[in-house]
Amino acid sequence: MTQRGFTLMELLVVMVLIGVVAGLASLSIGDGAERKLRSEAERLATTLKLARDELLITGESDRALGLRRDGYSFLELVILDDNTREWRPLEDPQLGPRQFQQGLVEVQLDVDGERTPLPQTRGWEPHIRLGNTGEMTPALITLQVPGSDLVRHVIVGLEGHVEVADAIPQQ
């Protein structure tokens, strides 16, 4: 008479394999807030590079990135008359305005090592100027998930270099 069934060793091997596969699956899925934060930071950096490259190619007048706590937009300087100039948001699918998902991202801006207060929802102000020769206002834009330690930094260099980092590089 033969007995059928699994040995304890076979059951343990199967349990370990299931645990490894479940662990890999959870790592690949990740935290939704972390993914969205990473995506927003990458989108902001890529859009900033796009705006810089567009100015280099076209040679148009200066533009600026305007930040608010709820989003961002690229602005153009409009000359109304000899004495009046005004920054207006670009109505462009790539360059803005872009609203953050409510409650997902908080934005902070540091220019020259000092925190710059950002408006909540009223009009747009220029914060990071983009020149038609590629230079930009050096700044550190911090995106954070409210109430957590999930943070991404968009680092803007004077020469137009833009990068996304998990931590602020030490000087």
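Could you work out how much longer the chain between THR116 and ARG69 gets when fully extended? Use 0.36 nm per residue separation minus the Cα distance between them, nm to one decimal.
Here the answer is 15.8 nm.
So if I restrict to the alpha-carbon atoms in segment 28-128, what is the Rg, and what is Dmax, the biggest pairwise distance, in Å?
Computed over the Cα atoms of segment 28-128, radius of gyration and Dmax are 15.1, 57 Å.
With no solvent and one equal point scatterer per Cα, compute the Debye intensity ratio I(q)/I(0) for segment 67-115 at 0.24 Å⁻¹ and report its log10, rounded to two decimals.
Ignoring solvent entirely, the Cα scatterers give -0.93.
Might you report the magnitude of the Cβ-based charge dipole of the chain about its Cα centre, with Lys and Arg at +1 and Asp and Glu at -1, to the nearest 20 debye?
The dipole of the chain has a size of about 740 debye.
Dipole of segment 1-126 (Lys/Arg Cβ +1, Asp/Glu Cβ -1, origin at the Cα centre): which of VAL14, PRO126, GLN108 lies farthest to the positive side?
Towards the positive end, the residue furthest out is VAL14.
Using helices alone, what [θ] at 222 nm do you get for the chain, with -39,500 (n - 2.57) per DSSP H run of 4 or more residues, divided over all residues and rounded to the nearest 500?
The helix-only estimate for the chain comes to -10000 deg cm²/dmol at 222 nm.
Please report the net charge: other residues with Cβ closer than 11 Å to the Cβ of TRP87, K and R +1, D and E -1.
With Lys, Arg at +1 and Asp, Glu at -1, the net is 0.
With r defined as the distance between the Cβ atoms of ILE168 and THR2 and R0 fixed at 45 Å, what FRET efficiency is calculated, to the nearest 0.05?
Efficiency computed from Cβ-Cβ geometry: 0.10.
Tell me the volume per residue, in Å³, of the convex hull enclosing the alpha carbons of the chain.
187
Starting from the 7 Å offset along Cα-to-Cβ, what nm value, one decimal, do you get for the label separation of VAL20 and ASP53?
It is 4.2 nm.
Let me have the relative contact order for segment 47-104, percent, based on Cα pairs under 8 Å that are six or more residues apart.
Result for segment 47-104 is 28 percent.
Just so you know, all these numbers are worked out from the coordinates, no wet-lab data involved. What you see is a predicted model; the values in this text were computed from it and never measured. Methodologically, a virtual Cβ is constructed for each residue, glycine included, from the backbone with ideal geometry; neighbour enumeration extends over all protein chains shown.
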